[in-house]
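Here the structure is laid out as structure tokens; the discussion comes afterwards.
The values are calculated or read from the model by the stated rules, or taken from the named source; none is laboratory data. All values reported here derive from a predicted model rather than from experimental measurement. As a convention, Cβ positions derive from the backbone with ideal geometry for all residues, glycine included, and neighbour counts pool all protein chains shown. Surface accessibility is based on the protein's heavy atoms, side chains included, excluding ligands, DNA and RNA. Shrake-Rupley method; radii C 1.70, N 1.55, O 1.52, S 1.80 Å.
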Amino acid sequence: MLPCVCSLILAAASALVDSSAHAAGASAMEVRAVRTPSSVTVDGTLSEAAWQSAPVETTFIMRDPVENGRPSQRTEVRVLFDDDAIYVGARMYDTAPDSIIARLSRRDVGVPADKFTVYLDPYHDQRSGYYFQINAAGTLFDGTLTNDDWSDDSWDGVWEGHAKIDRQGWTAELRIPFSQLRFRDTSVWGINFGRFIQRSAEQDNVVIRRKNASGFVSRFPHLVGLSATPRRSIEVLPYLTNKAEMLQHAPHDPFHQGTRMEPAGGGDLRMGIGSGLTLNATVNPDFGQVEVDPAVVNLSDVESFFQEKRPFFVENSSIFDFGQQGASDYWGFNWPQPTFFYSRRIGRAPQGGVPDAEFSDVPVGTTILGAAKLTGKIGSAWNFGSLNAVTAREQAHLETGGFRNDAEIEPLTYYGVMRGLREFKNRQRGFGLMGTVAQRQFDGPGLEDQLNHQSVMSGFDGWTFLDKNQEWVISGWSAMSYVQGTQARISALQQSSRHYFQRPDAPEVTFDPNATSLTGFGSRYYLNKQKGKSFLNAAVGFMDPRFDVSDVGFQTRSDVINSHVGAGYKWTNTTKWRKYQDVMGAVFESWDFAGNPIWGGGYAAGSTEFYNNYSWNYSVAYNPETITNRLTRGGPLMKNKPGYEATMYFDTDNKDMLFYSISGYSYTQPEAAALNWNVFPAVEWKPVSNLVFSVGPGYEKVKSTAQYVTTFQDASATDTFGARYVFANLDQTTVSANLRLNCSFTPNLSVQLFAQPLISSGRYTDYKELAFPRSYAFRHYGSNTTFDPATGQVDPDGPGPITAIARPDLNFKSLRGNAVLRWEYVPGSTLYLVWTQERTDNEDQGEFNLGQNTRRLLKADANNIFLAKVSYYFNL
């Protein structure tokens, strides 16, 4: 299939003819800002005389529910400025003001409500910018705009906004300090306005994002009339914390004897560097106000991925995105796209092994001594980002028999990331570079064999449109990785789940026990058609067996070649029953570097947005028989039986008091008698305008006839290269729920509660071993072998050694959650009060009993952490 995809890409590219349509550029429309002769009080009333004398913008166009339709309500917007800020005043007329939906929420937490948005492109690069949004209840939202089409809500600016509802509708008044924006001059900016009417799901803009085309920022009207000088502001945010830990511990534990108090302090800094760059720095950051990670039960050989939630790393994180720029959409189809910068690596739990001891005190995370981030623009065309962080050397404190000692479990480590992206005229093409490095300084020989000494990645990415109308685009990336360490460490890395060099029937790789480094390459390129009612998406990529970016990034596997081609059609005209409909189909295939087909199939999907604002997404796929090089966890190849996949998501109108949704997934392999399915219903209740309660239970079922258990060496196992690869049937049931309560008293004072109970049990039966490579045939223990299920002792071949197999039955229970009170008592200054609790219970039996498991979980001892954190914002 790979040659076919390459031929298709080349044929499509060669068949393109430059359109006579103009290049995607800024609109010829102009919005004029005028200097206010007097101060403006931001209270939402638009009472100052300057508002009445400013030019008014009223030329809004409907995007939803009818594209290019006439808005149902009139909107007026005016723009003022003074030496320090830009002001936007908006009057949203409404013929039914009692139907305006105004709901309070915590800042940046979306709730169904009427909204007004200001979009700014201060650089006028037609690709990036900011958005500032306020809803009818006065809640503020903000973020950045990237890649002409995408938005990122991680940025938090310090600005003001107020809203008022009256007999004519509602008004909004916004003050955006120039100090929060990066720009070169004020001759011409890009600007756009948006209004959303929740009751009818109506979206109006001065310039809309078209449903049959890509590009949004590039279409913005010109903002003229401004006169301001970029100002170098220095924003300092010092904070103090006090944390009380009440953790479970063994009797007579010298390290944990009750409540432990930990006062601390630190600070964040944000300042402009020149006219285009922003420096963010932090010293001893504290992230206690961040929502806890959900519990997971992971029986695979792939690391669990967790979302970054820490404010310092989240803010402007999109600037470090690499490899998928230029096009508006990217498809994967089992392509293990690496995350080249995974900030959760910084400050993670110490990685070194903890020596055996009677008592131990191990830090839950690595201390971040300091971090600095520089992001923004260099010149007129280069987007730039760099991040540097240093984490501390961490020690585990140990005691055995009254004697204490320390063991290093994490070395002093430097992490560095640098990213640059240059855009050419009208975004017609772009070229980017990225590099990452992790460098460790060991204090002794203990950790050198456990962790890499150095890891480096360098790569380039980019895109080029093939026509002036920017309908067809080729984009992609190429990268090289280098990892260095001791012989023992690189040997372990070669045998890790990302590489599996020890596989006995893998001609494409050779395990080298003397190697002290690993160098690899990877690349992926896409062809997209992204305008018009039809669309196309094709790609081809590879990661060679030695490619590894996981010290700073996140990568699940290497040794893969993958390609796909897909196409679809969309209906964007509103009818009596739907507002949008699309369908698509694709074929895809993956190989390893030995040429084995390791995945493939066909895929069909569609989505429907109904006129009543309900939506439905659905897909089906078929995967033919292939070969798997991972199921034996470093052993020989096995067959992967054919499978059938189906997914579904459905939801109702989110403006209703009760909002329902349900998602489901099913994957079956009839020839292997295997099944994996789940269902996640959810309901959100909004009884009053400032309270939202949601509950999302989940039920998951896994039945496998080839769940990996263990491997043991046996020279008599000649059919499987001198080792026996043990599998079993697995029957696993998982029940969970996500519960959230958000209560906002004012736009600046809120309480959030999150809780996640989880119960998962797994029972292993029918122990067996792989009979032959490249098969799905097994020798079942207990039929022609000596096997004791009670002890796990097995003698597969009569004479010879007897091996004991540990029974992996599991019964895991978890309840974790936190409550966060947030009060922004003045703009930028915040008080947090946080309570976090976690309780777990484990049993080595696999029977699922919901009632009994729930009772054990509720009786389990809890770990409680209480935190108070206060910060104050200085703008110097």
Inset, instruction - Only one of these is closer than 30 Å to Gly722 by Cβ and open to solvent by 20 Å² or more (accessible area, probe 1.4 Å): Ser517, Ser590, Ser558, Ser534. Name it. - result: Ser517
Inset, instruction - Would you be able to tell me the number of residues in the range 487-514 that are of a type in the set (D, E, K, R) and crowded, with 19+ Cβ neighbours inside 10 Å? - result: 3
Inset, instruction - State the number of residues belonging to the range 716-756 that are closer than 30 Å to Ala102 by Cα and open to solvent by 20 Å² or more (accessible area, probe 1.4 Å). - result: 15
Inset, instruction - Could you please let me know if Lys703 is closer than 24 Å to Pro789 by Cβ, modelled with pLDDT of 95 or more and in contact with a strand residue (DSSP E or B) (Cβ under 7 Å, 6 or more places away or on another chain)? - result: yes
Legend entry - Any hit, the range 241-250, residues being open to solvent by less than 60 Å² (accessible area, probe 1.4 Å) and more than 33 Å from the chain's Cα centre (by Cα): yes
Inset, instruction - Tell me which residues, restricted to the range 599-620, are within 23 Å of Phe542 (Cα to Cα) and open to solvent by less than 20 Å² (accessible area, probe 1.4 Å). - result: Gly600, Gly601
Legend entry - Index of the failed condition, Ala264 passing every other in (1) without any contact (Cβ under 8 Å) to a residue 40 or more places away in the chain; (2) on the phi > 0 side of the Ramachandran plot; (3) of a type in the set (A, V, I, L, M): (2)
Inset, instruction - Could you pull out the residue among Gly420, Gly430 that is at pLDDT 95 or above and of a type in the set (Gly, Ala, Ser)? - result: Gly420
Legend entry - All strands (runs of 3 or more DSSP E) inside the range 52-107 with 1 or more residues being open to solvent by 50 Å² or more (accessible area, probe 1.4 Å) and in contact with a strand residue (DSSP E or B) (Cβ under 7 Å, 6 or more places away or on another chain): 61-64, 85-93
Legend entry - Tally, over the range 197-231, of residues that are outside any loop (DSSP other than H, G, I, E, B) and either open to solvent by 20 Å² or more (accessible area, probe 1.4 Å) or within 18 Å of Gly129 (Cα to Cα) (or both): 10
Legend entry - Matching residues, the range 310-330, being open to solvent by 30 Å² or more (accessible area, probe 1.4 Å), assigned to a helix (DSSP H, G or I) and not aliphatic (A, V, I, L, M): Pro311, Ser317
Inset, instruction - Restrict the check to the range 89-96 and report whether at least one residue is of a type in the set (A, V, I, L, M), modelled with pLDDT of 95 or more and more than 22 Å from Met29 (Cβ to Cβ). - result: yes
Legend entry - Hits in the range 626-667 - residues which are hydrophobic (A, V, I, L, M, F, W, C), open to solvent by 30 Å² or more (accessible area, probe 1.4 Å) and either in a loop (DSSP other than H, G, I, E, B) or under 30 Å from Ser99 (Cα atoms) (or both): Leu631, Phe650, Met657, Leu658, Phe659, Ile662
Inset, instruction - Filter the range 179-205 for residues that are over 25 Å from Pro112 (Cα atoms) and either out of contact with any Leu (no Cβ under 6 Å at 6 or more places or on another chain) or basic (Lys, Arg) (or both) and give the result. - result: Ser179, Gln180, Leu181, Arg182, Phe183, Arg184, Asp185, Ser187, Val188, Gly190
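Here's the yes/no breakdown for (1) open to solvent by 50 Å² or more (accessible area, probe 1.4 Å); (2) farther than 30 Å from Asp329 by Cβ; (3) modelled with pLDDT under 95; (4) in contact with a strand residue (DSSP E or B) (Cβ under 6 Å, 6 or more places away or on another chain):
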| position | (1), (2), (3), (4) |
| --- | --- |
| Gln439 | yes, yes, no, yes |
| Tyr525 | yes, no, no, yes |
| Gln530 | no, no, yes, no |
| Phe542 | yes, no, no, yes |
Inset, instruction - Could you tell me whether the range 349-359 includes any residue that is assigned to a helix (DSSP H, G or I), crowded, with 16+ Cβ neighbours inside 10 Å and either among the aliphatic types (A, V, I, L, M) or over 17 Å from the mean Cα position of the chain (by Cα) (or both)? - result: no
Inset, instruction - Six or more apart or on different chains, Cβ under 8 Å: which pairs go from a residue in the range 165-179 that's surrounded by 19 or more Cβ atoms within 10 Å (Cβ to Cβ) to one that's aromatic (Phe, Trp, Tyr) and assigned to a strand (DSSP E or B)? Could you list them? - result: Gly169/Tyr93; Ala172/Phe116; Glu173/Tyr87; Leu174/Tyr87; Leu174/Phe132; Arg175/Tyr87; Ile176/Tyr87; Ile176/Phe132
Legend entry - Filter result (of a type in the set (A, V, I, L, M), open to solvent by 40 Å² or more (accessible area, probe 1.4 Å) and either out of contact with any strand residue (DSSP E or B) (no Cβ under 8 Å at 6 or more places or on another chain) or not in a strand (DSSP E or B) (or both)) within the range 391-437: none
Inset, instruction - Could you tell me whether any residue of the range 331-343 is within 25 Å of Ile865 (Cα to Cα), open to solvent by 20 Å² or more (accessible area, probe 1.4 Å) and either among the β-branched types (Val, Ile, Thr) or within 22 Å of the chain's Cα centre (by Cα) (or both)? - result: no
Inset, instruction - Tell me, please, whether a residue that is under 19 Å from Gly215 (Cα atoms), hydrophobic (A, V, I, L, M, F, W, C) and modelled with pLDDT of 90 or more can be found in the range 24-33. - result: no
Inset, instruction - Sort out which residues of the range 133-144 are hydrophobic (A, V, I, L, M, F, W, C) and either open to solvent by less than 10 Å² (accessible area, probe 1.4 Å) or in contact with a Cys (Cβ under 9 Å, 6 or more places away or on another chain) (or both), and write them in order of number. - result: Ile134, Ala136
Inset, instruction - Check Val692, Val683 and return the single one that is of a type in the set (Val, Ile, Thr), modelled with pLDDT of 95 or more and crowded, with 16+ Cβ neighbours inside 10 Å. - result: Val692
Inset, instruction - Return the total of residues in the range 272-309 being in a strand (DSSP E or B) and open to solvent by 50 Å² or more (accessible area, probe 1.4 Å). - result: 2
Legend entry - The lone exception for Ser151 - which of (1) among the polar types (S, T, N, Q); (2) touching an Asp or Glu at 6+ places or on another chain (Cβ under 9 Å); (3) surrounded by fewer than 20 Cβ atoms within 10 Å (Cβ to Cβ) it fails: (2)
Legend entry - Any chance Asn678 is over 24 Å from the mean Cα position of the chain (by Cα) and modelled with pLDDT of 95 or more: no
Legend entry - Pair list, Cβ under 6 Å, 6 or more apart: the range 494-511 residue under 17 Å from Thr628 (Cβ atoms), other residue open to solvent by less than 50 Å² (accessible area, probe 1.4 Å) and outside any loop (DSSP other than H, G, I, E, B): Phe501/Gln494
Inset, instruction - For the range 154-186, name all the residues that are in a loop (DSSP other than H, G, I, E, B) and within 30 Å of Phe320 (Cβ to Cβ). - result: Ser154, Trp155, Asp156, Gly157, Val158, Trp159, Leu181, Arg182, Phe183, Arg184, Asp185, Thr186
